[in-house]
């Protein structure tokens with residue numbers, strides 16, 4: 001246990017290094033405190049914890065994580081923001097405990113077991129989802145499956161149902177911790193039952209364990225589940241019957257479990273992550289599917305997957321051989337297949353799923369090295385040296401991983417200026433006010449300002465179309481009227497998408513938008529509304545347009561438009577060299593990429609005097625595209641985008657006073673009140 005404790009302390013210390021590196025960073029701190037939200041999910045759980053701390057009711061399907069945060073704030077001297085920021089270092093490091101305990105069942109080498117703990121603790125891509133400020137369910141999403149696996153393997157090794165307590169506890173906690181844990185929990189427990197029937201058919205202990213596991217994962221009230229499990233745990237100690245009686249009991253419990261288990265979860269997640277489509281249909285209307293634009297759900301190459309799971313393709317390949325070897329000598333490790341398969345499926349299902357394979361593959365790699373030291377009967381000193389040499393590439397890859405994520409990726413969702421104005425906005429807004437913003441920023445906006453949103457990081461369905469059309473419209477009149485109509489409608493019934501409520505009355509989207517523009521539709525319910533446009537949205541302008549550029553009645557795209565973003569590499573008297581192999585000929589006002597040439601008709605530069613935007617426009621010709629320089633980036637767009645409400649309000653602070661009132665016009669965020 002001392003070795004586990006030492007590895008745990010080392011892992012936590014490595015994770016805390018991000019705080020040391022960014023303690024003086026103006027982008028990571030506000031008023032001397034770390035900005036706590038480095039992933040949108042953290043803001044959701046923080047928001048729920050805020051409600052709990054204020055004794056306010058709320059509906060939530062996340063349960064356990066928000067209560068963990070809530071109780072830590074209540075019982076410790078640390079603030080909510082401090083807990084949200086530092087908690088990942090401590091919870092995600094706990095994975096070393098079940099991983100090292102599991103390793104001890106196969107490996108008789110302290111050095112090898114410590115090596116495994118050090119690899120998994122900050123394991124390659126696992127760190128990418130668990131660094132400071134990443135207060136998400138991923139903090140324990142590897143810990144619980146590894147604990148389940150350890151409990152299953154030791155139950156088989158010891159041939160005792162009492163060790164099933166580990167699995168049962170992990171099952172219940174994991175199901176309460178992560179709303180999407182059902183498929184993996186079902187797969188792991190189901191495989192254990194199959195494994196028992198195949199390899200331990202006449203062992204009564206296996207049936208006892210299987211019965212307990214089946215009950216722990218069925219959908220019944222927790223109090224009933226705990227009562228039944230407690231009775232069985234005690235009763236099994238005194239019941240000594242032939243395995244056939246337990247087989248009969250197991251079949252009965254299994255049939256009940258099959259009836260109670262929600263198999264639809266497998267289909268839901270398969271359709272969501274693997275069989276992703278470009279559109280989805282609801283109530284007879286087609287809308288753009290959001291999952292194709294969610295970065296963590298995107299496909300990745302085998303090399304990218306190997307890098308995230310094992311550091312590089314060589315270590316990954318050796319780990320695969322190590323797992324095959326491990327299973328050949330210890331068939332119980334077949335029970336790790338659901339985790340390993342889910343990790344490999346990250347190529348299709350999305351990058352987030354790679355973490356499930358990190359623990360198993362790390363064990364497999366070191367086991368391969370350990371086995372070779374035994375196979376060649378190496379003396380203790382030579383075996384130790386071999387382990388050290390083979391351990392060095394993993395240390396190097398972990399160092400590379402830590403350095404990359406700390407310096408290139410680990411950034412607050414909102415900058416200090418943005419956080420400050422959102423916190424000020426919380427004091428200005430009325431009780432049930434709404435924020436009009438893109439869904440990527442829904443949860444963070446809600447955490448910092450308390451404003452409700454129509455779409456957010458969890459709810460991004462048909463109303464993506466609604467908000468996209470509001471933002472992309474070239475008419476501020478339409479945007480204003482549409483905000484009031486759709487958000488007032490949604491405020492009355494936020495269980496249904498506002499656009500679907502509207503389309504129930506007027507099937508033609510063209511006629512609906514005409515009625516909104518002429519202000520013929522005006523629900524009696526009125527709520528206070530703000531448009532919140534963080535400058536990070538410049539990266540999403542074309543994506544937002546994609547959601548709006550569909551006819552819901554046919555599912556077909558409506559039109560084609562141009563919006564591109566560039567960063568400057570270098571500049572001389574005649575040319576500006578951009579990324580993406582693109583050059584701007586300043587003399588001819590032509591954008592050149594290969595053989596393609598685009599004429600620039602208008603060049604707009606935005607500079608700042610304090611927080612005041614100063615716009616300088618140079619009209620060059622009557623045809624071509626618009627070039628906009630803003631905050632050291634260059635944007636090329638056609639008139640459609642240039643005149644859109646989003647671009648005019650966000651980049652230029654050009655608003656119609658009849659419809660919008662400026663609240664804040666800063667360098668990194670623009671906030672308007674909707675009149």
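The values are calculated or read from the model by the stated rules, or taken from the named source; none is laboratory data. Since this is a predicted model, take the numbers as computed values, not measurements. Reconstructed Cβ throughout: ideal geometry from the backbone, glycine too, with neighbour counts over all protein chains shown.
Somewhere in the range 151-162, is a residue part of a helix (DSSP H, G or I) and under 21 Å from residue 35 (Cβ atoms)? Looking through the range 151-162, none of the residues is part of a helix (DSSP H, G or I) and under 21 Å from residue 35 (Cβ atoms). Taking the listed residues 54, 42, 89, the one that is farther than 30 Å from residue 372 by Cα and surrounded by fewer than 16 Cβ atoms within 10 Å (Cβ to Cβ) is 54, with no other qualifying.
In the range 458-465 there is at least one residue that is surrounded by fewer than 19 Cβ atoms within 10 Å (Cβ to Cβ), farther than 30 Å from residue 122 by Cα and at pLDDT below 95. If we scan the range 590-610, do we find a residue that is surrounded by 12 or more Cβ atoms within 10 Å (Cβ to Cβ), in a helix (DSSP H, G or I) and touching a residue at least 40 places away in the same chain (Cβ under 8 Å)? No - not one qualifying residue is present in the range 590-610.
Looking only at residues of the range 630-661 that are part of a strand (DSSP E or B) and modelled with pLDDT of 95 or more, we find that the one that is farthest from residue 561 (Cα to Cα) is 661. Here residue 192 meets each of (1) more than 18 Å from residue 100 (Cβ to Cβ); (2) surrounded by 24 or more Cβ atoms within 10 Å (Cβ to Cβ); (3) within 26 Å of the chain's Cα centre (by Cα) with one exception, condition (3). Annotation note: of 336, 435, 349, the sole residue that is at pLDDT 95 or above, touching a helix residue (DSSP H, G or I) at 6+ places or on another chain (Cβ under 7 Å) and over 30 Å from residue 533 (Cα atoms) is 336. Residues that are over 30 Å from the mean Cα position of the chain (by Cα) and not in a loop (DSSP other than H, G, I, E, B) within the range 493-508 comprise 502, 503, 504, 505, listed in sequence order. Candidates are the residues of the range 300-311 that are in contact with a helix residue (DSSP H, G or I) (Cβ under 6 Å, 6 or more places away or on another chain) and surrounded by fewer than 20 Cβ atoms within 10 Å (Cβ to Cβ); the one that is modelled with the lowest pLDDT is 300.
Just wondering, is there one or more residues in the range 612-623 that are surrounded by 14 or more Cβ atoms within 10 Å (Cβ to Cβ), closer than 30 Å to residue 480 by Cα, more than 39 Å from the chain's Cα centre (by Cα) and modelled with pLDDT of 90 or more? No, the range 612-623 contains no residue that is surrounded by 14 or more Cβ atoms within 10 Å (Cβ to Cβ), closer than 30 Å to residue 480 by Cα, more than 39 Å from the chain's Cα centre (by Cα) and modelled with pLDDT of 90 or more. Only one residue in 389, 366 is surrounded by fewer than 21 Cβ atoms within 10 Å (Cβ to Cβ) and more than 26 Å from the chain's Cα centre (by Cα), so which one is that? It is 389. Number of residues in the range 87-135 that are in a helix (DSSP H, G or I), more than 14 Å from residue 361 (Cα to Cα) and either within 18 Å of the chain's Cα centre (by Cα) or assigned by TED's automatic domain parsing to the domain that holds residue 174 (or both): the value is 8. Restricted to the range 482-496, and to residues there that are surrounded by fewer than 24 Cβ atoms within 10 Å (Cβ to Cβ) and in contact with a helix residue (DSSP H, G or I) (Cβ under 8 Å, 6 or more places away or on another chain), the residue that is nearest to residue 517 (Cα to Cα) is 485.
Looking only at the range 512-570, residues that are under 31 Å from the mean Cα position of the chain (by Cα) and on the phi > 0 side of the Ramachandran plot come to 1 in all.
Filtered by the rule that a residue be over 23 Å from residue 314 (Cβ atoms), in contact with a helix residue (DSSP H, G or I) (Cβ under 8 Å, 6 or more places away or on another chain) and buried (at least 20 other Cβ atoms within 10 Å of the Cβ), the range 392-417 gives 410, 412, 413, 414.
Could you list all residues from the range 534-589 that are in a strand (DSSP E or B) and surrounded by 15 or more Cβ atoms within 10 Å (Cβ to Cβ)? 534, 550, 563, 564, 565, 566, 576, 578, 582, 583, 584, listed by residue number. Against the conditions (1) touching a helix residue (DSSP H, G or I) at 6+ places or on another chain (Cβ under 9 Å); (2) under 21 Å from residue 235 (Cβ atoms), residue 219 satisfies every one except (2). Entry remark, the range 319-341: residues being in contact (Cβ under 8 Å) with a residue 24 or more places away in the chain and crowded, with 20+ Cβ neighbours inside 10 Å number 10 in total. Taking the listed residues 673, 657, the one that is touching a residue at least 60 places away in the same chain (Cβ under 8 Å), surrounded by fewer than 20 Cβ atoms within 10 Å (Cβ to Cβ) and over 26 Å from residue 587 (Cα atoms) is 673, with no other qualifying. Applying the set (1) surrounded by fewer than 24 Cβ atoms within 10 Å (Cβ to Cβ); (2) at pLDDT 95 or above to residue 155 leaves exactly one unmet item: (1). Flag: residue 76 does not match the condition of being over 15 Å from residue 44 (Cα atoms) and touching a residue at least 60 places away in the same chain (Cβ under 8 Å). Taking the conditions exactly as written (farther than 19 Å from residue 19 by Cα and either surrounded by 20 or more Cβ atoms within 10 Å (Cβ to Cβ) or in contact with a strand residue (DSSP E or B) (Cβ under 7 Å, 6 or more places away or on another chain) (or both)), does residue 83 satisfy them or not? Here the answer is no, as residue 83 does not meet what is asked.
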